[in-house]
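*Asks:* Okay, handing you the structure first.
The values are calculated or read from the model by the stated rules, or taken from the named source; none is laboratory data. Predicted model only: the values in this text are computed from it and were never measured. When we count neighbours, we look across all protein chains shown, and the Cβ atoms used for this are built from the backbone with ideal geometry, even at glycine. Just the protein is used for accessible areas: all its heavy atoms, side chains included, with ligands, DNA and RNA removed. Shrake-Rupley method; radii C 1.70, N 1.55, O 1.52, S 1.80 Å.
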Amino acid sequence: MMNTRSLKNLVKFAALCGLFLLALPASAHISVMHSVGGFQAGLLHPLTGLDHLLAMLAVGMWAAQNQRPAIWLLPLVFPLMMVAGALVGMSGVLVPGIEAGIAASVLILGLLIAFMVRLPVALSACLVAVFALAHGYAHGVELPAGTSGAWFGTGFLLSTAFLHVTGLFATLLANRIASRAVSLQLNRILGAGIALAGLYFSAALA
């Protein structure tokens, strides 16, 4: 159980993490080291932009707030549907509004976490699937020239899974070691921070 002092320290730590994250590139859609191999480029790509990074962490965090089967289904649906989106992006099909969709995914996931919203499993999976398609499409479009699509995809799938697991287990651990009041407060703070980042991404596109 955490006391008030521990809670204040935890909030300060979360705030510092937020400031650090805001110092990173706001968009994931930058050149991703074309000189490295496809696997390495794919592995690093989800980590090169705050929008992708926050969305993938948020999927794991939101899954942790839900009961089975959503707790394992959501982190599974996202990478699978991201592959589908990446294939569309690699095919050269033009899909408008992808950047707005990615920004919206960060905003909505942040709000779902902050308010600890639990939707029916099917609806939750569909919502995550739509977000995953947008993120996957962006990855597919940005496949570095001359790299293997299969190796690039393997890399970003592993990186995505790592981010999901990180968000999932960090939330489960915090819920386990902290009191319910502290856990609720932490979820609200982190969810609100993610939502604010999504709002910033949306405003930057206007």
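*Asks:* For region 110-183, what is the convex hull (Cα atoms) projected area averaged across all directions, in square nanometres?
*Replies:* Values: hull surface 25.3 nm².
Here the figure is 6.3 nm², rounded to one decimal.
*Asks:* Just for the Cα atoms in region 84-128, what are the lengths along the principal axes, largest first, rounded to whole Å?
*Replies:* Principal axes ranked by extent give 38, 21, 12 Å for the Cα atoms.
*Asks:* Tell me which residues come under 5 Å, amide H to amide H, from SER179 once H is placed; ignore anything under 5 positions away on its chain.
*Replies:* MET2
*Asks:* Radius of gyration and Dmax for region 52-206's Cα atoms, expressed in Å?
*Replies:* In order Rg, Dmax, the Cα atoms of region 52-206 give 15.5, 52 Å.
*Asks:* Give the residue list of trypsin sites (Lys or Arg not before Pro) in region 127-206 that are DSSP loop and have at most 13 other beta-carbon atoms within 10 angstrom.
*Replies:* Numbers: sites: ARG176, ARG180, ARG188; in loops: none.
Filter output for region 127-206: empty list.
*Asks:* Cα-based Rg of region 54-101 per 2.2 N^0.38 Å, rounded to two decimals? Kindly include the intermediate steps, with their values, before the conclusion.
*Replies:* Values: Rg = 13.2 Å, N = 48, 2.2 N^0.38 = 9.6 Å.
So region 54-101 has a normalised radius of gyration of 1.38.
*Asks:* Moving to a separate point now. Of LEU168, LEU127, LEU87, LEU47, which has the most accessible area and how do the rest follow, probe 1.4 Å? Mind dumping the intermediate values first?
*Replies:* Details: LEU168 20, LEU127 50, LEU87 110, LEU47 80 Å².
Result of the area sort, largest leading: LEU87, LEU47, LEU127, LEU168.
*Asks:* Follow-up. Enter the accessible area of PHE162 (Å², nearest 10), with the probe set to 1.4 Å and all protein chains included.
*Replies:* It works out to around 130 Å².
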